[in-house]
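Undergrad: Input: one structure, supplied below.
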Amino acid sequence: MCGIVAYLGYRQACPIILKGLHRLEYRGYDSAGVALMNDGELNVYKKKGKVAELENFIAEKDTHARVGMGHTRWATHGEPNDTNAHPHYSTSERIAIIHNGIIENYAALKTHLQQQGHEFHSDTDTEVFVNLIEEIQQHNHCNLEEAVRLALHEVVGAYAIVVMSRDAPNQLIAARKGSPMVIGIGDGEFFIASDATPIIEYTNEVVYVNDYEIAIIRDGRLELRSKEDVEQTPYIQKLELELDSIEKGGYEHFMLKEIFEQPRSIMDSMRGRLEMNAGHLNMGGFRAYEQKFVNAQRIIVVACGTSWHAGLVAEYLLEDLARIPVEVEYASEFRYRNPVITERDIVIAISQSGETADTLAAIELAKSKGATIFGICNVVGSSIARATDAGAYTHAGPEIGVASTKAFTAQVTVLTLLAMLMGQKRGTLTDTKLRELMVELDTIPAKVEKALLLDDEIRAIAATFCDVPNFLYLGRGYNFPVALEGALKLKEISYIHAEGYPAAEMKHGPIALIDENMPVVVIATRDSSYEKVVSNIQEVKARKGRIIAVVTEGDDVIRDMAEFVIEVPYTSEALVPLVSVIPLQLLSYHIAVMRGCNVDQPRNLAKSVTVE
Ligand code: M6R
């Protein structure tokens, strides 16, 4: 969480930094600040609230500078306020820092630094970091670069930092461990950011900084060094990001744009993989590890949030099509258990951002036990993508709304292809069944397009329910993870309490919640559990629950039982989540808008959860 951006070059730094902060605001948005170097003066301006408030705050200030850095915060240590906002000065105010991550041993370091006379104004771990750098510099009489390097040996935790010093006005020092950082290289100018979005309109040449690397930008060049002070060769890559893909393109919110992009993003996730003409499936990352997949004894999926829901869909898919045991784990629980992992296990790590701290840690644990790690990430070059043995990108394009939508369907698409490939190679899927699934998968973008036509209908349903305090979501089989996902979408953006349950579990507890005020969304598409779900609907109806049913087109049975019926196109059972999730995304979106919530930046959340 938190977004960092910095600039050194011939242009005015402040507008570039502010624009970059707006792009990174999805990562955290409780306060923001900038540090600008002007004529040997190092000025820090910061403000509680969104980047727009920082902009108003500095509107009258002298912001001329060719070197500067900025930060948008998601609070970890200390409440969101002006003082805890970044950048932070050292005690002498000669050094300033921005930081994304957490310093775990900050309390011990702080006590030591206080004893050395350093003063603290904020509650943050970051202020400890900058004072540690200052203390080392004063004590060792070394330059800033050396002081930062030595400080990195003393801090425990995660960081992406940029440091500026009044004593070296034409220099930026940056370092990372566990939090993302990319450096853009222009003609006589440099950009540092948490992701490439603040950089794309200036240059398409970037270097992804690795853990334990220190970047020194000065004298018109970028130098990379290891923590042990050995020079590293920067690996310059070409960015393949389009500016349009990170703008709203006429939609009121990124979330709505991303929901509507799904026919395209699903197609992009299949491109080059589902080869209908040649009649085969293809996945580069799978090919290299085919024998491992064929001989694997078990698949363990690790993920968080929506990605974990995609993992649950994968459990159904892989067991169904590839007949292999699957365990789906919350990465945060898995990493702190003592899980049994063997060399014949394949761990699939799913993450939109590719930066989720718990998922990364789960990967490291599984790696240390010899498992093969397969990553499914959306962000190219992200930490998880780089930490895995092999993988497949989802190619959904940048997802900026904090609530994940198109990333989910892209993950499910890639997992479907993977399960089909595994089924084929393990001999558990007949050619006929495989062909049928391929043909059906090919139709999914068009079916999603059709489901999106329900938007007006769903907005009307949202108007009926936008003021209720609770929602229940029920589904069975492949639609159980969809019920969980629908409930998560609603609660995270509308702040309505919502629970997802396997429909049959309802009678073991949640049924007590049902009365004439309780909306119950039941996903009841035509599949093998349809009759059972119909019985569950009867149970809700008998207790006067208000039923909103997502059904397959032409279903007249449920129409007579439900208050509202949303008809989605028919598809095969294994592919149904790709279609049935669409109305749930739209329902949560419209309810949140009607409640006046900030849909793209819901309270307390951040897009990329780089703290555990
Ligand atoms: O980037 P990741 O997929 O690893 O993120 C995992 C979760 O933080 C994420 O899915 C979160 O639950 C979303 N806000 C859900 O919409």
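Where a number appears in this text, it was derived from the coordinates with a stated rule and is not lab data. Computed from a predicted structure; not experimentally measured. Cβ atoms come from the backbone with ideal geometry, glycine included; neighbour counts cover every protein chain shown.
Undergrad: What ranking of Glu189, Glu319, Glu242 emerges when the number of other C-beta atoms within 10 Å of each C-beta is taken as an exposure proxy, fewest first?
TA: Listing Glu189, Glu319, Glu242 from fewest to most nearby Cβ atoms yields Glu242, Glu319, Glu189.
Undergrad: For the ranges 15-21, 50-56, 433-439, what's the packing order if you count other beta-carbon atoms within 10 Å of each residue, average per peptide, and put the highest first?
TA: Top of the packing list down: 15-21, 50-56, 433-439.
Undergrad: Are there trypsin sites (Lys or Arg not before Pro) in segment 183-274 that DSSP puts in a loop and that have at most 16 other Cβ atoms within 10 Å, and which ones?
TA: Lys227, Lys248, Arg271
Undergrad: Moving on to the next point. I want the antiparallel fraction of DSSP beta bridges within the chain, as a percent rounded to 5.
TA: About 60 percent, rounded to the nearest 5.
Undergrad: In whole Hz and in residue order, list the ³J(HN,Hα) couplings for segment 456-472 that follow from phi through the Karplus curve 6.51 cos²θ - 1.76 cosθ + 1.60, θ = phi - 60°; x for Gly and Pro.
TA: Per-residue couplings from phi come out as 5, 4, 6, 4, 5, 5, 4, 4, 5, 10, 5, 9, 6, x, 9, 9, 10 Hz.
Undergrad: So what's the Cα pair-distance distribution over the chain, bin width 20 Å, in %?
TA: Computed distribution, short to long bins: 20, 49, 27, 4, 0.
Undergrad: Looking only at Cα atoms, what is the convex hull volume of segment 289-369 per residue, in Å³?
TA: Looking at segment 289-369, the number lands at 88 Å³ per residue.
Undergrad: Counting other beta carbons within 10 Å of each Cβ, put Leu417, Leu312, Leu36 in order, fewest first.
TA: Least crowded to most crowded, the residues run Leu312, Leu417, Leu36.
Undergrad: Rounded to the nearest 5, what is the percent of antiparallel bridges among the DSSP beta bridges in segment 255-367?
TA: DSSP beta bridges in segment 255-367 are roughly 15 percent antiparallel.
Undergrad: So which chymotrypsin sites (Phe, Trp or Tyr not before Pro) in segment 318-388 are both in a DSSP loop and have at most 15 other Cβ atoms within 10 Å of their Cβ?
TA: Hits after loop and neighbour filter: Tyr336.
Undergrad: Sequence gap at least 6, Cα distance under 8 Å: using those rules, report the relative contact order of segment 405-540 to the nearest whole percent.
TA: So the answer I get is 20 percent.
Undergrad: Let me ask another. Going down the list Lys406/Lys532; Lys48/Lys110; Lys491/Lys607; Lys47/Lys248; Lys248/Lys607; Lys425/Lys450, which pairs span over 22 Å between their C-alpha atoms?
TA: The pairs that break the limit, which is 22 Å between Cα atoms, are Lys406/Lys532; Lys48/Lys110; Lys47/Lys248; Lys425/Lys450.
Undergrad: Relative to 2.2 N^0.38 Å, what does the C-alpha radius of gyration of segment 215-314 come to as a ratio? Two decimals please.
TA: 1.64
Undergrad: Principal axis extents for segment 330-450, Cα atoms only, whole Å, descending order, please.
TA: Over segment 330-450, Cα extents along the principal axes are 42, 39, 23 Å.
Undergrad: Amide H neighbours of Ala75 under 5 Å, counting only residues 5+ apart in sequence or on other chains, H built in-plane at 1.01 Å?
TA: Placed amide hydrogens put Asp30 under 5 Å from Ala75.
Undergrad: Can I ask one more? Per residue of segment 261-273, what does 6.51 cos²θ - 1.76 cosθ + 1.60 with θ = phi - 60° give for ³J(HN,Hα)? Whole Hz please, x for Gly and Pro, Karplus curve as stated.
TA: Computed from phi, the couplings for segment 261-273 are 7, 4, x, 6, 5, 5, 4, 5, 6, 8, 4, x, 10 Hz.
Undergrad: Explain nothing, just the number: relative contact order of segment 85-242, from Cα pairs under 8 Å at least 6 residues apart, as a whole percent.
TA: Dividing the mean separation by the residue count of segment 85-242 yields 18 percent.
Undergrad: Also: Across segment 596-612, in residue order, what do the Karplus-derived ³J(HN,Hα) couplings come to in whole Hz, using 6.51 cos²θ - 1.76 cosθ + 1.60 with θ = phi - 60° and x for Gly and Pro?
TA: Once θ is set to phi - 60°, the couplings for segment 596-612 become x, 7, 7, 4, 7, 9, x, 4, 6, 9, 8, 6, 10, 9, 8, 10, 7 Hz.
Undergrad: Right, next: Report, by chain and number, residues whose modeled amide H sits under 5 Å from the one on Asn38, excluding near sequence neighbours (fewer than 5 apart, same chain).
TA: Amide H neighbours of Asn38: Asn43.
Undergrad: Please report the orientation-averaged projected area of segment 540-612, defined via the convex hull of its C-alpha atoms, in nm².
TA: In nm², the orientation-averaged hull projection of segment 540-612 is 7.9.
Undergrad: Quick one: pull the percentage of alpha-carbon pairs in segment 394-508 with a separation above 18 Å.
TA: Cα-Cα pairs of segment 394-508 separated by over 18 Å account for 66 percent.
Undergrad: Expected output is a single nm value to one decimal: the length gained when fully extending between Glu457 and Ser226, i.e. 0.36 nm times separation in residues minus the C-alpha distance. What is it?
TA: Full extension of this stretch gives 77.5 nm more.
Undergrad: Ranking Met506, Met164 by Cβ neighbours within 10 Å, fewest first, what do you get?
TA: Arranged by neighbour count, lowest to highest, Met506, Met164 become Met506, Met164.
Undergrad: What does the charge count near Arg298 come to, summing +1 for each Lys or Arg and -1 for each Asp or Glu among other residues with Cβ under 15 Å from its Cβ?
TA: Once all neighbours under 15 Å are counted, the net charge is -1.
Undergrad: Measure out, as a whole number of angstrom, how far apart the alpha-carbon centroids of segment 533-567 and segment 576-612 sit.
TA: 24 Å
Undergrad: Quick one: what does P(r) look like for segment 167-276 with 5 Å bins over all Cα pairs, in whole %?
TA: With 5 Å bins starting at 0, P(r) equals 2, 10, 17, 17, 15, 13, 10, 9, 6, 2, 0, 0, 0.
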